[in-house]
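The values are calculated or read from the model by the stated rules, or taken from the named source; none is laboratory data. Given the structure is predicted, the values throughout are model-derived calculations rather than measurements. Counting neighbours? That spans all protein chains shown, and the Cβs are built from the backbone with ideal geometry, glycine included.
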Amino acid sequence: MLEFAALMKTRILKTNLAEPLNRRLAEEHTKSALAKKIGVSTQKLNAIMRDEWEYITRDALERTIDFLELEVSDVFELVPVDFWKPIEDAKGSILLRGSQEGISKDQQYIPRYDDEATHVVKDFMRKFLLDCAEPPFADHRQDEAELLKKAKGQNCIVIGSPKTNAATEILLSRFFDAAPFDPSVENRRKIPFGFCWPDDSEIVPEIVQRSSLACSAIARKEVQNRPGIAVIDGTHVEAHYKPLKEFLEWKTNEGLDCGLAFVANKPFGTKLNIKLIVLAGFGGMGTLAAARALVEDFRYLEPLGEETCVYGIVEGKYRKSKNTDVRELRSFRWRYRNGGHSPIKPN
């Protein structure tokens, strides 16, 4: 993990090959012809031109640079990322977590893995954002107007699935100009991702049916009713789902969950330099995986230029023993990321 000084000077590697490649493309007319001349695949050429790659071979870069007759100094640039600056400048943020329905309104019950995800974020901020106060908690059950007021006025970090946190449902829906708790197909289509919960979910099924963030029946049909999170471009990241009795008896080292990591700067038209961050899993392991992804890979979650937000889906792999619902997150990996530096869009 980065030390504080390095954290504040985080940079991303940018390749400046798009403009010279586009000039040559005008001469060659097709990308396949240009790729053939360079000696790389069309897929690699597209990735280089868009600067949208995680891994690329040394050979592909060398061939491209030599073909364009460029120097290394013409190609590579380190661009600073001030992801945490709004929180550092404001000396903190607030956390919005949720309670499962059915719990008394006089009590606040935080699902176990939402709590673990909260500690991941808090521990990171406590260690690295030295001047920030301990982030206070706000009640997710406040009405919509109050939640929007908070999101427009201060840095907010929302933790938990729409099944456990009303703030996730309300703030994400409103960000995409959709109505919260409106399951109509037209409304759900405004949101570029959806949680594919099974129809027979044993956990708060009413929330699943009402949520604007849930996949519509049409969308579930398109992903063949597989549980997980679907993205509007057809990407689907799978999660394991089993009825409670079967789940408790299940033993695995290869359990799958998935989570959404969402970041917006100056949300809802505010002029304040603040952030809205949402970490929401299909299940608890997905929320925890999204929290880990935030603190380890925040440099890729900063909106660039005119982008209003960056969002991505992470896959979390976990282990679970028999006759228990306790799980341990083993690892996470990005399966999709829209916006920011180095977006990930599976072919």
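Tabulated data
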| read-out | value |
| --- | --- |
| Residues within region 15-29 that are surrounded by 15 or more Cβ atoms within 10 Å (Cβ to Cβ) and under 14 Å from Asp74 (Cβ atoms), tallied | 4 |
| Considering residues of region 165-195 that are out of contact with any helix residue (DSSP H, G or I) (no Cβ under 9 Å at 6 or more places or on another chain) and of a type outside the set (Phe, Trp, Tyr) only, the residue nearest to Val231 (Cα to Cα) | Pro192 |
| Of residues in region 296-347 being in a loop (DSSP other than H, G, I, E, B) and acidic (Asp, Glu), the one farthest from Gly283 (Cα to Cα) | Glu306 |
| Lone qualifier among Lys317, Lys275, Lys322, Lys271 - being in contact (Cβ under 8 Å) with a residue 60 or more places away in the chain, surrounded by fewer than 14 Cβ atoms within 10 Å (Cβ to Cβ) and basic (Lys, Arg) | Lys322 |
| Any hit, region 246-259, residues being under 24 Å from Leu148 (Cα atoms), surrounded by 22 or more Cβ atoms within 10 Å (Cβ to Cβ) and either touching a strand residue (DSSP E or B) at 6+ places or on another chain (Cβ under 6 Å) or in contact (Cβ under 8 Å) with a residue 40 or more places away in the chain (or both) | yes |
| Those strands (runs of 3 or more DSSP E) lying entirely in region 111-198 with at least 1 residues touching a Gly at 6+ places or on another chain (Cβ under 7 Å), in contact (Cβ under 8 Å) with a residue 40 or more places away in the chain and of a type outside the set (Ser, Thr, Tyr) | 193-196 |
| Pair list, Cβ under 9 Å, 6 or more apart: region 217-244 residue over 25 Å from Pro343 (Cβ atoms) and outside any loop (DSSP other than H, G, I, E, B), other residue aliphatic (A, V, I, L, M) and at pLDDT below 85 | Leu244/Ile203 |
| Residue check, Ala264 closer than 22 Å to Phe128 by Cα, of a type outside the set (S, T, N, Q) and touching a residue at least 24 places away in the same chain (Cβ under 8 Å) | yes |
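Each row is one residue, and each column tells you yes or no for (1) modelled with pLDDT of 80 or more; (2) polar (S, T, N, Q); (3) outside any helix (DSSP H, G or I).
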| site | (1), (2), (3) |
| --- | --- |
| Ala26 | yes, no, no |
| Lys36 | yes, no, no |
| Leu45 | yes, no, no |
| Ile48 | yes, no, no |
| Ile56 | no, no, yes |
| Asp59 | yes, no, no |
| Asp66 | yes, no, no |
| Ser73 | yes, yes, no |
